[in-house]
Structure formats: structure tokens, C-alpha cells
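Notes follow the structure.
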Amino acid sequence: MSKEQQSFAEKYRAYKYEDIIGQDTAIKELENFLATFPKGKKAMILYGPAGTGKTTLALAAAKRHNLEILELNASDVRNRKKLEEVVSPAVTQQSLFKKGKLILMDEADGITGTDIGGVPELVKLIEETQFPMVLTCNDVWQTKMSPLRAKSKLVELKALSVLTIVDILKGCNDEPVFYWLCKLLVQTKVPKNHDAIIEVVEAGKKRFGEFSPLSGGITVATLVKLRMEKEQQKTSSESV
């Protein structure tokens, strides 16, 4: 994720379940995991494409249940030594405020998987933890992730469909958010939804005026390209 995407995600991050769209199943799974801990598996892996709300979901759960959260990124604790120094004390020590705790390991697929690396140590920490652990990753099916899959509950977060984004846009009055979502739309290659994409982008031009630099390249040229692709597909289907 680029720096631009990260800053945008932080500025508009949701902190309540009610504000997280399209991930109802994942929310139910996470709630059940927290309610039944430490029975069953002590860790949950939230996986799926970047931007689907994996970290946001974990943070929202911590806020909902008034849990102290220890948020770590795999890039900072990539190997066994770092995990021992930073995470090992956290999985057994009581919260400073004597309340519950949630341990969040972001981008867990960035941890090294060798014998001297972080995956074996992370498995050990999952076995020892007195607090629920949530790991996030894009690709949970890498070979090195196999030991973590065996110790964790797996929950997939799926990308929002184009039509879901279009529905959100129709009621969106926040210009930066509108342009950002439009950028996502025009980058998707879902030909059957060209009409919806064109409609909502043109509606935005009427609502907010000329496109600003925040549009991320959503220009008349983009709309022309979309229309041309649509016409080409129509012509192709008619010739079959």
C-alpha cells in the first residue's frame, strides 16, 4: 500500500462495526472468537486483499470490548529475536490497566519462515498467549504460513464489489472520499458494470464541479475509454 493510500486509510478509518461495509461474516467470526477465547484456537488470521479492512476490523473489535491493544507490524518483528524481545512479554503479562488485551500482528506474511526466523517463534507465542491474537495478511496460503494456519482460525475478507462501491458513491457527499472510490472503480476491469461506473463518475462531476487533483486521473479521457471498451464488447457480442 502506497503512502498516499495509507494516509487516506488512516484519515477515514472506521472504528465501529456499524461503519464497516460488506464484512458481516468476518465480524461475526471475530466476535465469536473473542467470546469463546481461550477455548479452541488462540489466534485468528484475517486475510484478503489490501484495503479490505483487516486491521480496521481488529481495531474496531478492541474498541467495542474496551481492550488494550498491542499493535505490531511484521516488518518490525520479522525474526525470532525481535519476537522474543517485543511480543513474548506481551502474551503473558497483564494489561497495565488491568483490563483485557488484544494482540494485533499486521502483515504477518512478512515474517520470515526459516528455522531461525519468526514463524516458529510466532507459533510458540500463540501456544503460550493468555490473550487473543489477531494476525492479518494478504496471502495466507504461502508455504511458510502453514504452521500458522494450523494454529489459527482463518477468516477471509473479500473486496467490495463494484456495484457495492457504486451504491456507496450515490449517497457520498464527501468529495475526497468520492474521488478516491471513483479511482478504485476506474481501475477495476469489470466490463459489465461500465454503465454504472460512467453514471456515478458523471454524477460526481455535477455534484462537485470540475475534477480536482484528488480525482487520481479520473478525466473525460477515462470516461471515453470506458465507453469505447463498452462499445467494442457490444460489437463483439453482436458479431458472435
task = Can you confirm whether the range 85-92 contains a residue that is at pLDDT below 95, more than 23 Å from Leu157 (Cβ to Cβ), assigned to a loop (DSSP other than H, G, I, E, B) and of a type outside the set (Gly, Ala, Ser)?
result = yes
task = Starting from the range 130-157, keep only residues that are more than 19 Å from Val91 (Cα to Cα), then list their pairs with residues that are part of a helix (DSSP H, G or I) and of a type in the set (Asp, Glu) whose Cβ atoms are within a distance under 9 Å, requiring at least 6 positions of separation or different chains.
result = Cys137/Asp109; Asn138/Asp109; Asp139/Asp109; Val140/Asp109; Gln142/Asp109; Lys144/Asp109; Met145/Asp109; Val155/Glu29
inquiry  = I want to confirm something. Restricting to the range 137-168 and keeping residues that are of a type in the set (S, T, N, Q) and closer than 16 Å to Lys41 by Cβ, which single residue is farthest from the chain's Cα centre (by Cα)?
reply    = Ser146
Top-ranked residue of the range 39-53 - restricted to ones that are of a type outside the set (A, V, I, L, M, F, W, C) and modelled with pLDDT of 95 or more, ranked as farthest from Phe131 (Cα to Cα) = Tyr47
inquiry  = Test of understanding: among Leu122, Leu104, Leu160, Leu72, which residue is touching a residue at least 40 places away in the same chain (Cβ under 8 Å) and either surrounded by fewer than 17 Cβ atoms within 10 Å (Cβ to Cβ) or not in a loop (DSSP other than H, G, I, E, B) (or both)?
reply    = Leu104
task = Search the range 50-67 for residues that are part of a loop (DSSP other than H, G, I, E, B) and pair each with any residue that is among the polar types (S, T, N, Q) when their beta-carbon atoms are under 9 Å apart and the residues are at least 6 apart or on different chains.
result = Ala50/Gln5; Ala50/Asn138; Gly51/Gln5; Thr52/Gln23; Gly53/Gln23; Leu67/Ser95
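The values are calculated or read from the model by the stated rules, or taken from the named source; none is laboratory data. Computed from a prediction, not measured in an experiment: that's the story for all the values here. Here the Cβ is made from the backbone with ideal geometry for all residues, glycine too, and neighbour counts use every protein chain on show.
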